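Heads up: the structure comes next, in C-alpha cells.
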Amino acid sequence: MKNRNLDHKDDWATPRALYKALDGLFDFTFDPCPYMHNLDDWDGLTIPWGERNFVNPPYSRKLKESFVKKAIDESRLGKVCVMLLPVSTSTALFHDLIYPNASHILFIRGRIRFSGTNSKGEVVNNKAGMHDSMLVIFDPSVGKGEARMSALDIYKIISSMT
C-alpha cells in the first residue's frame with residue numbers, strides 16, 4: 001500500500017514538449033508559477049497575470065484551489081488561462097469552480113512525466129505523476145463548448161506528447 005503521508009513536493013517542471021505544443025497554440029505571455037520560482041521575487045497569487053497564461057500550479061489542495069480561483073478571476077478580466085491540473089472530478093473544486101467556469105476541460109491520456117525533486121530529496125527526470133492530468137482552459141472569448149480551435153485538435157496534440 002502506498003504511504004499517502006509522504007512529504008509531497010509542489011515544485012515539478014512541466015515537460016518541455018508539452019509546454020511547447022501548448023505555447024504554439026496559445027502563445028503564452030505569462031506563467032504565474034514557474035518551476036523553481038523564488039516567492040521573494042513575486043507571488044503569482046497576488047499580482048496581475050498576462051493576457052495568455054500557462055498555469056501548472058502546486059498540487060497541494062489549498063494552493064491548487066487558490067490558483068484555480070485566481071485563474072477564474074483573471075479570465076473574468078478577459079485573460080486566457082490554461083491550467084495543467086490533476087484529475088479530481090469528485091471534488092467540490094471540480095464541481096463548484098472548474099466545471100461551471102471552464103470553456104474547455106481536456107483529459108490527457110496517460111500520465112505526464114514531470115521533473116523535479118522527490119520526497120526523498122532526489123532530483124528525478126521523467127517521473128510519472130501520481131494522478132492523471134487534465135487541461136482546464138478558461139477562455140473568456142468563447143462560450144462553454146464553443147471553440148476558437150477544436151478541443152479535439154488540442155487533445156490530439158497533447159496526447160501525442162505523453
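Set against the 2.2 N^0.38 Å expectation for a compact globular protein, region 39-124 has a Cα radius of gyration ratio of 1.18. For the pair region 108-138 and region 42-60, the centres of their Cα atoms are 18 angstrom apart.
The modelled label-to-label distance between Glu65 and Thr117, using points 7 Å beyond Cα along the C-beta direction, is 2.7 nm.
Rounded to the nearest 0.05, what FRET efficiency is calculated for His95 and Met130 with R0 set to 30 Å and r the Cβ-Cβ distance? According to the calculation, E is roughly 0.90. Scaled to the globular estimate 2.2 N^0.38 Å, the Cα spread of region 46-96, given as radius of gyration, is 1.11. Here each label is just a point 7 Å from Cα along the line to Cβ, and for Asp73 and Asp40 those points are 2.5 nm apart.
Bear in mind that the values in this text are calculations on the coordinates, not laboratory data. This one's a predicted model, so the numbers in the text were calculated from it and none came from an experiment. Positions of Cβ are generated from backbone atoms using ideal geometry, with glycine treated the same way; all protein chains shown enter the neighbour counts.
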